[in-house]
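What follows is a short report on a single structure.
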Amino acid sequence: MAAFINIIRPVAFKQNLPLLAVFMALATVAGIFVFLQPPPEDRLRKAVTEHVGSLPGAKDFLLFGAVADVRFADGSVRHLEFAEDRGAWAVSKDLAEDFKKTLQDPAVVAQVMERLAKRMAARFSVDVRVKEGTAYKYFLARDADGLRGTVTVSFAYLNEQKRGRYVETWRYADGRWSNSGIGSLFDFSGAGGP
């Protein structure tokens with residue numbers, strides 16, 4: 001019986017030899033295709049270059065990981081995050097729009113105003129309530145630590161000729177915006193303040 005099995009094995013191997021050769025050829029072609037693909041960083045840079053070229057007034061860009069800071073002829077800057085989907089890179093978020101959307105959430109605005117009230121209460125040792133509907137401004141900029149969002153609330157002190165400003169810093173990381181704690185208070189004398 002053992003002699004019979006030894007005779008069958010070489011025959012089966014010889015019959016599968018063409019199939020093995022086809023498999024090896026396909027694996028070689030696939031390997032060449034994979035190794036000839038540019039690295040992800042090059043594909044990202046190419047996608048950003050093509051996208052920036054399609055934007056009216058865009059002058060140039062700087063790439064920070066998957067975020068492109070696109071500078072326009074008028075001096076403005078847009079921060080665009082790119083993501084890879086099935087090997088192709090495309091814009092996934094305009095980070096200014098994403099920050100704006102975050103700050104339009106009533107719960108987020110309430111938290112900003114609560115932190116302002118805490119900062120003022122700590123400073124003046126009194127209970128402080130910030131009037132609902134208090135206006136705020138925000139902008140984005142890049143610093144040594146990455147993309148930074150700044151929220152500024154301008155206000156007037158009650159029964160005083162002073163104006164103040166509360167400034168809070170936000171950071172973008174892991175696909176979301178988060179603040180870095182209670183912000184800072186600044187005072188201005190007279191009606192000519194901010």
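The values are calculated or read from the model by the stated rules, or taken from the named source; none is laboratory data. Predicted model only: the values in this text are computed from it and were never measured. Note that we place each Cβ from the backbone using ideal geometry, even for glycine, and neighbour counts take in every protein chain shown.
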**Fill in**
Per the filter on the range 58-84, residues farther than 14 Å from residue 44 by Cα and not in a loop (DSSP other than H, G, I, E, B) are 58, 59, 60, 70, 71, 72, 77, 78, 79
**Prompt:** Quick one: what pairs do we get from the range 128-142, first residue surrounded by 10 or more Cβ atoms within 10 Å (Cβ to Cβ), second of a type in the set (A, V, I, L, M, F, W, C) and in a strand (DSSP E or B), C-beta under 7 Å, 6+ apart or different chains?
**Reply:** 134/153; 134/155; 136/151; 136/153; 138/151; 140/147
**Message:** Among (1) part of a strand (DSSP E or B); (2) touching a residue at least 40 places away in the same chain (Cβ under 8 Å); (3) within 29 Å of residue 54 (Cα to Cα), there is one condition residue 185 misses while meeting the rest; what is its number?
**Reply:** (3)
**Message:** So, residue 88, is that one under 30 Å from residue 65 (Cα atoms) and hydrophobic (A, V, I, L, M, F, W, C) or not?
**Reply:** yes
**Request:** State whether one or more residues within the range 110-125 are over 24 Å from residue 81 (Cβ atoms) and not in a helix (DSSP H, G or I).
**Result:** yes
**Asked** Could you give every pair whose Cβ atoms fall below 7 Å, whose first residue belongs to the range 88-110 and is farther than 17 Å from residue 172 by Cα, and whose second residue is not in a helix (DSSP H, G or I), counting only separations of at least 6 or pairs across chains?
**Response** 89/82; 90/82; 90/83
**Prompt:** Can you pull out the residues in the range 155-184 that are at pLDDT below 90, surrounded by fewer than 17 Cβ atoms within 10 Å (Cβ to Cβ) and more than 21 Å from residue 107 (Cβ to Cβ)?
**Reply:** 156, 157, 158, 159, 160, 161, 162
**Request:** Taking the residues in the range 61-78 that are of a type in the set (Gly, Ala, Ser) and closer than 20 Å to residue 89 by Cα as candidates, determine which candidate is surrounded by the fewest Cβ atoms within 10 Å (Cβ to Cβ).
**Result:** 65
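Is it the case that residue 60 is charged (D, E, K, R), farther than 18 Å from residue 169 by Cβ and at pLDDT 90 or above? Reasoning before the result, please.
On the way: charged (D, E, K, R): yes; farther than 18 Å from residue 169 by Cβ: yes; at pLDDT 90 or above: yes.
Taking the combined requirement at face value, the residue satisfies it.
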